[in-house]
Amino acid sequence: MTDQPFSNASTVIPARYARKFFVVPLSMENNVLLVAHRQNVEKEVLSELSLLLGLEVTGEPYAEDRLLVLLQKTYGIGADAVDNLNANGGDGPSGRHTGKGRLGYVERELIEDSADDASIVSVVNELLMRAQHEGATDIHLEPLEYRIRVRFRIDGMLLEIPVPEGLVQFHAAVVSRIKVMANLDIAERRLPQDGRIKATVGGTQNEYRVSVVPTQFGESVDIRILTNASILTGLSGLGMWDHEQEIIQKTLEVPYGVMLVTGPTGSGKTTSLYSFLNIMNIPSRKIITIEDPIEYHLDGVTQIQVHPRIGLTFARGLRSMLRHDPDVMMVGEIRDQETAETVIRVALTGHLVFSTIHTNDAPSTPARLLDMGVEPYLLASSVRCILAQRLVRKICPHCVQLDRHEYAKELASELKLGERSREFGEDCEFKVGVGCEKCHHTGYSGRTAIFEILQVTPKIQELILARAPASHLREELMASGAKTLRERGLDLAARGVTSVSEVLRVTAGNEGV
C-alpha cells in the first residue's frame, strides 16, 4: 500500500465527493479506479461512487487516521469548500481578479458578503482545526503571485501544508473571514492590522493573535496560537529538572529583586515567565504586568498593554504601576537604558520584578546591561537569578534509532572518559529520528526546554562590580557545578530525548562541553 497522492486525484474524484465517501484515488489503469477507503466499508459506497463517476471502482482498506492524512495530503485544506464555491459561481464571492490567478482589487460589498459564506467559514475552521491537530504554534497564510502558500510552524520549524490551487481565487474572502473573527476593519487593505480571536476548536478554548500586513499580491496573515495549557503545567512541565526547580522556587520566594529570562525569539521565555506568575498568583499578592503584546490572559493578574504612540512605554508604565501597591511585577522586555534602570530601582525598593532580555546566554547578560549604561553596583545588588533557555525538538518515538553519524560516536566516546564518565555511563549512546508519517518526516515530535541558570552569588557580584567579561562569569558558572546550555542539551541527548545535531543547532554560538 502506498501513501503517495495520486497526481490527477482532483480531476478523477472532486474533493467534495472524496470527503463525502471518505475515499482517496490511488491509481487508475484500463478505466479501473483504485481508491483507498475505510476498513469494513459497505459495498454500496463503492457501487454508488462507481455509478457517479462512470468508472469501475475497486478499493483498498486503510486505517482511518492514515486515510485522513492521505486525504489532506492529496486535496489540501478546504478543498471541498473550494469545489463548492467554484460549482456555485466560478471565481466565487471574493471578487474579480486580473491575470492568471493574480490577486486583484476586491469590492467592499463582495468582501462583506463573502466573509460569512458557509464555504469560506468552513475553510477557516478547517485551517484552525488542522493547525491544532498538528500541534502548530503559528499559521502563515501568504499570497504569492499565482498561488496561496499555507505554512504551519511545528516544533519551531515551518512546514508547508497542501492547499488546493483554486484557493487563490478566494484568498481575499478567507482573509476577510479572519478579519471578521478578529474584529478588524475588512475594508482596510493598505495598512497593517492586529487583533485577537477567541474560539473553541476541537473542544479546546484557544486564543489566536492575528497580524495582517499588505503585500504586493494581497494581504499576508500570521495567526499565533495561544493556549493556556502550556503555562499551567508548573516548573516540571517546562522541562526543568529537580535541582533547577529548587533554584527557581527559592528565587520566587525572595520578596524583592530581579529575575531575568534570556534567549532569542521563540525560545519559550514568555511561557516561562507566565508559569512563574501563575505559581505566584494567590489572593494575598498583587501582581501587575506590562507587556507588548499581552500573550495570555491570567485571571487575577492586572495586565497592561504598552502603547508607544501615546507615550505608554515600558518605563513609564512601570513607574505608574508602583502607585498600585504591587508585590510582584513583570516587564515584558528590557529594551533600553531607561527601562533597565527603572526595573532595577523598582526591585531595590522592595518589589520582585520579572523581565526578559535578548542575550545569547546567562553569563553575557550582565555585560549587556552594563553596556546599556546600568551602574555595576545597582546591577550587582538587584539581580537575583538569570535564566537562559532554548527549546529543543524531541526525537519522534515512532522512528527512533541509534545515531550512526561519526560525530555522535566520537562525542559519546569522549563523554565516557574523564570526569563525566559517571554522569553519562559507559553505555552512553545517542539516538536520532529517521523520519516517518507521524512526524512529517522530520524525525522530531514535540519540544522541551533546556536551561542555564546563573545564580548571583557573592562571587558573581564581585565580578559584576569589576565589570568582568562574560567569559569570567562563565568560568564561575561552570566552577559552581551548573551546566551550560550545551551541556544541558547533551544530557538530554544522552537520555535519548533529543539528538546531538539538534542540540548543536540550538546552542550554536554557546560554549559546550
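Just one residue in the set GLY332, GLY263, GLY268, GLY317 is more than 24 Å from ASN228 (Cα to Cα) and touching a strand residue (DSSP E or B) at 6+ places or on another chain (Cβ under 7 Å); that residue is GLY317. Among the residues of region 464-490, which ones are assigned to a helix (DSSP H, G or I) and open to solvent by less than 10 Å² (accessible area, probe 1.4 Å)? Once the filter is applied, which keeps residues that are assigned to a helix (DSSP H, G or I) and open to solvent by less than 10 Å² (accessible area, probe 1.4 Å), region 464-490 yields ILE464, LEU473, LEU477, LEU485, ARG488, GLY489, LEU490.
The residues on offer are VAL432, VAL456, and the sole one that is open to solvent by less than 50 Å² (accessible area, probe 1.4 Å), touching a Cys at 6+ places or on another chain (Cβ under 8 Å) and touching a residue at least 12 places away in the same chain (Cβ under 8 Å) is VAL456. Please tell me if LEU379 is in contact with a strand residue (DSSP E or B) (Cβ under 7 Å, 6 or more places away or on another chain) and open to solvent by less than 20 Å² (accessible area, probe 1.4 Å). So LEU379 does not fit the description; no. Checking each residue in region 238-269 for being open to solvent by 20 Å² or more (accessible area, probe 1.4 Å), at pLDDT 90 or above and of a type in the set (S, T, N, Q) picks out GLN245, GLN249. From the list LEU235, LEU277, LEU273, the one residue that fits, being modelled with pLDDT under 90, open to solvent by less than 60 Å² (accessible area, probe 1.4 Å), assigned to a helix (DSSP H, G or I) and within 22 Å of MET329 (Cα to Cα), is LEU235. Cβ separations smaller than 7 Å between residues 6+ apart or across chains give the following pairs from region 25-44 residues that are under 18 Å from ALA63 (Cα atoms) to residues that are open to solvent by 100 Å² or more (accessible area, probe 1.4 Å): ARG38/GLU64. For region 302-322, the criterion of a residue being in a helix (DSSP H, G or I), touching a residue at least 24 places away in the same chain (Cβ under 8 Å), surrounded by fewer than 21 Cβ atoms within 10 Å (Cβ to Cβ) and polar (S, T, N, Q) is satisfied by no position.
Taking the numbered list (1) buried (at least 20 other Cβ atoms within 10 Å of the Cβ); (2) assigned to a strand (DSSP E or B) in turn, ARG149 passes all entries but (1). The single residue among VAL503, VAL497 that is β-branched (Val, Ile, Thr), out of contact with any Cys (no Cβ under 6 Å at 6 or more places or on another chain) and assigned to a loop (DSSP other than H, G, I, E, B) turns out to be VAL497. Checking each residue of region 185-194 against the condition of being outside any loop (DSSP other than H, G, I, E, B) and in contact with a strand residue (DSSP E or B) (Cβ under 7 Å, 6 or more places away or on another chain) gives at least one match.
Restricted to region 192-231, and to residues that are surrounded by 15 or more Cβ atoms within 10 Å (Cβ to Cβ) and basic (Lys, Arg), which residue is nearest to GLU134 (Cα to Cα)? Applying the filter and picking the extreme gives ARG224. Against the test of being over 26 Å from LEU141 (Cβ atoms), crowded, with 17+ Cβ neighbours inside 10 Å and either more than 38 Å from the chain's Cα centre (by Cα) or modelled with pLDDT of 85 or more (or both), the options LEU52, LEU26 yield a single qualifying residue, LEU26. The single residue among THR74, THR98 that is crowded, with 20+ Cβ neighbours inside 10 Å and modelled with pLDDT under 85 turns out to be THR74. Put simply, of VAL32, VAL57 the only residue that is at pLDDT 80 or above, farther than 28 Å from HIS440 by Cα, surrounded by fewer than 17 Cβ atoms within 10 Å (Cβ to Cβ) and in contact with a Leu (Cβ under 8 Å, 6 or more places away or on another chain) is VAL32.
The values are calculated or read from the model by the stated rules, or taken from the named source; none is laboratory data. All values reported here derive from a predicted model rather than from experimental measurement. When we count neighbours, we look across all protein chains shown, and the Cβ atoms used for this are built from the backbone with ideal geometry, even at glycine. Remember, those area values only see protein heavy atoms, side chains included, never the ligands or the DNA or RNA. Shrake-Rupley method; radii C 1.70, N 1.55, O 1.52, S 1.80 Å.
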